[in-house]
Amino acid sequence: MQIVYLPKTKKHLKKIDKKYLPRIFEAIELLVKTPDSGKSLVGRLHGKRSLKVWPYRVVYSIQPKQSLIVIEAVQHRKDIYR
């Protein structure tokens, strides 16, 4: 699987405190081996998954036909689902 970041996700990452970035990127890289490790979301985010990297959340989707993991958002847990 290949990881792809949406343009808005790159903007989110620039706003995150630098001390959290290594843990976030490490968790995202682990998705290549276990893409289903995140929690399935419901409601308006149905079909997407959420990965906890305290205090942030990574929202992503899996596109198995293209072998892609699309990172759709990385934001603080209090803001991500708004």
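In a simple Cβ point-charge model (Lys, Arg +1; Asp, Glu -1; nothing else charged), the chain has a dipole of about 360 debye relative to its Cα centre.
For the pair K19 and T34, the difference between a 0.36 nm per residue extended length and the Cα-Cα distance amounts to 3.0 nm.
Net charge in the neighbourhood of W54 (other residues with Cβ under 15 Å of its Cβ; Lys, Arg +1, Asp, Glu -1) is +4. For the chain, a Gaussian network of Cα nodes joined below 10 Å ranks I62, I28, I16 by mean-square fluctuation, and the top entry is I16.
Calculated from the structure at hand, Kirkwood radius over Cα pairs in Å is found among [x] 13.7; [y] 12.7; [z] 15.3 as [y]. Of the residues K19, K52, K33, the one that moves most in a GNM of the chain with alpha-carbon contacts below 10 Å is K19. In this structure, the residue pairs whose Cα-Cα separation is over 24 Å, taken from K15/K65; K8/K48; K14/K65; K18/K48; K8/K52, are K15/K65; K14/K65; K18/K48. Take the alpha carbon atoms of segment 1-34, find their center, do the same for segment 43-58, and report the distance between the two centers in whole angstrom. Cα centroid of segment 1-34 versus Cα centroid of segment 43-58: 12 Å apart. When the Gaussian network model of the chain links Cα atoms closer than 10 Å, the mean-square fluctuations of R23, R49, R57 top out at R23.
Each value in this text was obtained by applying a stated rule to the coordinates, not by laboratory testing. Remember, it's a predicted structure, so these values are computed and weren't measured experimentally. Reconstructed Cβ throughout: ideal geometry from the backbone, glycine too, with neighbour counts over all protein chains shown.
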